[in-house]
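Since the structure comes first, as structure tokens, the remarks are kept for the end.
The values are calculated or read from the model by the stated rules, or taken from the named source; none is laboratory data. Fair warning: this is a prediction, and the values are worked out from it, not measured in the lab. Cβ coordinates were reconstructed from backbone atoms using ideal geometry, including for glycine residues, and neighbour counts include every protein chain displayed. Areas reflect the complete protein model, heavy atoms only, side chains present, ligands, DNA and RNA absent. Shrake-Rupley method; radii C 1.70, N 1.55, O 1.52, S 1.80 Å.
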Amino acid sequence: MTPSDFQFLADLVKQRSGIVLSEEKGYLVDSRLNPVARQNGLADLDELVAKLRVASIGPLADAVLEAMTTNESFFFRDKTPFDNFEKHILPTFAENRATKKLRIWCAAASSGQEPYSLAMLLKEKEGTADAWQADIIGTDISKDILEKAKAGLYSQFEVQRGLPIQLLVKYFKQDGEVWAIDPAIRAKVIYKYFNLLDSFAALGKFDVVFCRNVLIYFDQETKKEIFEKIAKVMPPDGFLLLGASETTIGLTERFKPVKGHRGLYALDGGETTKSVTAPNQMKAAAS
Amino acid sequence: MKQCLVVDDSRVIRKVARQILEELSFDIAEAGDGQEALDQCRSRMPEAILLDWNMPVMNGIDFLRALRAETNGSQPVVVFCTTENDITHITEAMQAGANEYIMKPFDRDIIEAKFSEVGLV
Ligand SMILES: C[S@@+](CC[C@H](N)C(=O)[O-])C[C@H]1O[C@@H](n2cnc3c(N)ncnc32)[C@H](O)[C@@H]1O
């Protein structure tokens with residue numbers, strides 16, 4: 001591919017999704033877009049780019065975008081965010097709020113493991129004093145991956161990464177090598193197409209925002225804008241959870257890290273600073 | 001260093017599991033069937049056991065039941081690792097005292113995920 005063709009593709013992808021394709025990602029462009037070219041009856045990437053230069057909006061451009069998203073996810077990924085949710089966020093809300101109702105947003109839901117993990121976590125609390133009524137909304141820019149999320153079907157490999165065996169037995173039905181999530185869990189999550197570059201105005205408010213392992217693909221400017229937009233869809237006592245290699249530090253003053261809780265952020269001036277058990281510290285003390 | 005006993009009648013599987021678990025900082029012992037594993041546990045109880053189901057002499061589930069009946073037999077964290085990949089077998093294993101369950105084929109990611117699930121890594 002010529003440097004100018006690469007630049008054209010990188011600009012297209014960045015403009016539509018925020019995803020930055022640096023020169024070193026050339027191999028990724030090759031391996032992911034060659035199949036797109038073939039599926040569309042095009043000989044190679046040169047032809048693909050030529051066609052996109054004529055029509056940069058339409059099914060072909062959409063297919064290119066789909067192909068350039070990285071959708072890897074797994075159940076209870078990194079564990080800490082889910083500990084933070086269960087052992088810090090819920091107790092904090094329980095103490096400071098009148099009702100046990102929540103609206104949770106998984107802003108890059110991918111194939112559904114993150115919202116379904118939350119749905120299972122909350123389901124486990126049903127019928128106890130810790131029960132919460134929650135709306136879980138999962139959004140993503142990839143329509144293909146949202147279809148997979150909605151279907152709730154996972155391979156044997158996927159259900160073995162991060163999902164405790166007790167939860168597998170309890171919330172999945174097996175059909176050969178395919179594991180289908182319980183319809184009751186599936187019904188707890190609403191999936192929608194949403195591009196993080198778009199206006200958040202119609203989304204409503206979210207008490208908790210999981211925006212994990214998506215900002216890593218964006219440049220600083222885009223990250224800043226998204227943090228600003230997220231801040232506006234949260235109540236003052238809301239929480240934001242980021243991926244293991246993501247941070248708000250140096251990018252926005254709107255959020256501040258919650259001490260002792262890796263990956264957890266509160267609106268500046270929002271969260272009531274008090275010590276609820278820090279799961280990380282507990283772990284450190286126990287080992 | 002924590003010891004993990006790898007119980008499988010296939011030498012190839014034992015070798016693959018050993019490699020992965022050594023990278024996760026375990027000291028490895030091996031047994032080719034349940035009886036051999038039980039004998040080893042009686043002389044030194046390991047911290048973790050990676051356990052196959054179908055084996056000659058004594059199979060995995062019988063070994064697990066015998067192990068849990070031993071003094072200190074409740075100590076090791078037992079992770080099944082087998083081609084028996086249906087809910088019935090999984091449930092039976094959990095009832096017999098297994099802590100986690102891996103459905104073969106496995107790889108490093110799965111072993112690591114499952115071992116961290118039960119607090120071993
Ligand atoms: C690696 S997955 C993260 C999944 C999950 N949050 C996790 O941490 O496991 C990243 C997801 O971000 C989505 N994505 C990329 N750009 C996006 C955008 N501009 N708006 C919404 N989602 C986007 C991709 O389609 C992909 O499914």
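Structure values in brief
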quantity	calculated
Net charge contributed by nearby residues that have their C-beta within less than 12 Å of B:Thr91 (K/R +1, D/E -1)	-2
Over chain A, relative contact order from alpha-carbon pairs under 8 Å, at least 6 apart, %	18
Ellipticity estimate at 222 nm from DSSP helix runs (n ≥ 4, -39,500 (n - 2.57)) divided over chain A, nearest 500	-11500 deg cm²/dmol
Surface accessible to a 1.4 Å probe, A:Glu177 within the full protein complex, Å²	110
Most fluctuating residue given options A:Ile249, A:Ile181, A:Ile89, as computed from a GNM of chain A linking Cα atoms under 10 Å	A:Ile249
Cα gyration tensor shape of region B:2-106, rounded if a/c is under 1.5, else prolate or oblate by comparing a/b with b/c	rounded
Separation of alpha-carbon centers, region A:134-187 and region A:73-107, rounded to whole Å	19
Local electrostatic count at A:Arg212 - Lys and Arg +1, Asp and Glu -1, tallied over other residues with Cβ under 9 Å	-2
Counting DSSP beta bridges with both ends in the protein assembly as shown, the antiparallel % (nearest 5)	25
Cα-centre dipole for chain B with unit charges at Cβ (Lys and Arg positive, Asp and Glu negative), debye to 20	200
For region A:71-85, Karplus couplings with θ = phi - 60° (6.51, -1.76, 1.60), whole Hz, Gly/Pro x	10, 4, 7, 8, 4, 6, 3, 6, 6, 3, x, 6, 5, 4, 4
For A:Phe255, distant residues with modelled amide H under 5 Å away	A:Asp268
Links that overshoot a 25 Å alpha carbon limit, given the list A:Lys143/A:Lys256; A:Lys150/A:Lys173; A:Lys223/A:Lys256; A:Lys123/B:Lys104	A:Lys143/A:Lys256; A:Lys123/B:Lys104
Long-range HN-HN contacts of A:Phe206 with modeled amide H, under 5 Å	A:Met234
